[in-house]
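> Structure incoming, see below.
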Amino acid sequence: MLEDIICCEEDLKNLSLEDLTRLLQLEDEKNIKSLYRRAYQKKAEKGGKKVYFRGIIEFSNHCQKNCYYCGIRRENPELTRFEMSREEILESARWVYNNGYGSLVLQSGEIQSEEYTDYIEELILDIKEISGGELGITLSLGEQDEKTYRRWFQAGAHRYLLRIETSSSELYNELHPDSHQFQRRLECLKILQEIGYQTGTGVMIGLPGQTPADLAADLKFFQSYSIDMIGMGPYVPHSGTPLASGDKIPAELGRRNLDLSLKMVSLLRILMPDVNIAATTAMQALHPRGREKALQAGANILMPVVTPRKYREYYQLYENKPCIDEKAEDCQGCLKQRVKSVDEEIAYGEWGDPPHYFRRLGSRTAELGGEIDAENAAG
Ligand code: SAM
Ligand code: SF4
């Protein structure tokens, strides 16, 4: 069946919604393996065996938002709230730099305020300074206004992750309170691209009510929005949230969501060979080798958690989050082994920017007659 749908090279980029929906429902083990192999070959053709690290610092679980699926949502009264001190964040950034990770990600709940904007701006400047400008900085700090995104970009952040969660506005509305607007997410992504950020988004896979056709539409969305970096992972329930209502994920469903996530990674790699795709931590929540499997299915990015151990238990977006009892050093050793086990290599000290970004920037610069300011777009 796979060969019926993907026959020649030309078919790959042009897979239709219907084709993608059918491929996401592949059941036959041989066909599924063949899909992963094709995707891995695509990845290897563009990027060799390299896996890039982004050390992720989850520096605060304070959040003004109330997404129905997330363990750190505003209305989770059970959660102990924390905020790393500035010095702790810089210490973690130094660790990332000294260990040759190349890039870090600053992630937290969503806070919108003047004070917060100033704080993050200063932090970006300080991180640039401690690494002599060498550390790449990705932000994952939710929806902000254009001025804020610009200030952070000018301070030296050059990548931004803002997941769309699902490209179906109906499903999005079911997962969020009315004040969280799907349209605003789309606007934010456009603003980030206009400013010059390498722009990342992603979706959760296996959400209640989500169909294979919805997931196929997500893949088409990444393509039509010309996204540079994609982080997709299984939805994993958190019992303290309205969406999970106390349920544990049944093993059968967990397996299904992991399989779907791996197929999504492979199909995306086939559709968009030059983007960065993360092997997300949530995959490991569903299978001990979930992240390795994602690398073999076409992913090329790993995001080792470098948050100090004492804070990790308070940053559980979902249950079963791996590595909460570990230190940054433990995660480093463990990931080294995991990468080696699938015969891939860690690209130490490299930023690992997605070639797609430069292609997108190039076509935009041509459109604007060379007007775009790409000063820190490439670092
Ligand atoms: N607050 C920022 C935001 O929402 O963009 C950044 C942090 S947020 C915790 C990062 C991502 O975690 C979300 O975009 C969402 O996809 C993911 N997430 C939250 N709850 C989850 C769950 N129960 N299962 C899987 N992923 C989840
Ligand atoms: Fe807050 Fe992000 Fe969780 Fe939504 S997904 S509740 S914005 S941390």
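Just so it is clear, none of the values below were taken in a lab; they were calculated from the coordinates. No experiment lies behind these values; they were computed from the predicted model shown. Glycine also receives a Cβ, built like all others from the backbone with ideal geometry; neighbour counts cover every protein chain displayed.
> Which loop-located GluC sites (Glu not before Pro) does the stretch 119-166 contain, where loop means any DSSP state but H, G, I, E or B and the Cβ has at most 16 other Cβ atoms within 10 Å? If you can, show how the numbers build up before the last one.
Numbers: sites: 121, 122, 129, 134, 143, 146, 165; in loops: 134, 143.
Counting only loop positions with at most 16 other Cβ atoms within 10 Å, the GluC sites (Glu not before Pro) in the stretch 119-166 are 134.
> With a 10 Å cut-off between alpha carbons and a GNM built on the chain, which of 310, 190, 327 moves the most?
Of 310, 190, 327, the Gaussian network model singles out 310 as fluctuating most.
> Also, I was wondering about something else. How high is the relative contact order of the chain? Use alpha-carbon pairs under 8 Å, at least six apart in sequence, and give a whole percent.
24
> All other residues with a Cβ under 13 Å from the Cβ of residue 83 taken together, and with Lys, Arg as +1 and Asp, Glu as -1, what is their net charge? Could the numbers behind the result be given before it?
Details: positive: 81, 86, 310; negative: 58, 87, 88, 115.
Within the 13 Å Cβ shell, the charges total -1.
> Now, a different point. Per the helix-only calculation at 222 nm, which mean residue ellipticity applies to the chain, given -39500 (n - 2.57) for every DSSP H run of n ≥ 4 and division by its residues, nearest 500 deg cm²/dmol?
Value at 222 nm, helices only: -14000 deg cm²/dmol.
> While we're on this one: Which peptide among 260-268, 42-50, 287-295 comes first, and what is the full order, when sorted by highest mean count of other Cβ atoms within 10 Å?
The most tightly packed comes first, giving 260-268, 287-295, 42-50.
> Place the peptides 215-222, 356-363 in order of packing, highest mean first, counting for every residue the other Cβ atoms within 10 Å and averaging per peptide. Walk me through the numbers on the way to the answer.
Details: 215-222: 22.1, 356-363: 16.8.
So the peptides 215-222, 356-363, ranked by packing, come out 215-222, 356-363.
> Also, quick follow-up: Read phi for every residue in the stretch 221-230 and hand back ³J(HN,Hα) as whole Hz from Karplus 6.51 cos²θ - 1.76 cosθ + 1.60, θ = phi - 60°, with x for Gly and Pro.
4, 4, 5, 6, 8, 6, 6, 8, 9, 10
> Shifting gears a bit: Taking a 30 Å limit on the Cα-Cα distance, which of the listed pairs 263/310; 49/263; 220/336; 33/321; 190/327 fall beyond it?
263/310; 220/336; 190/327
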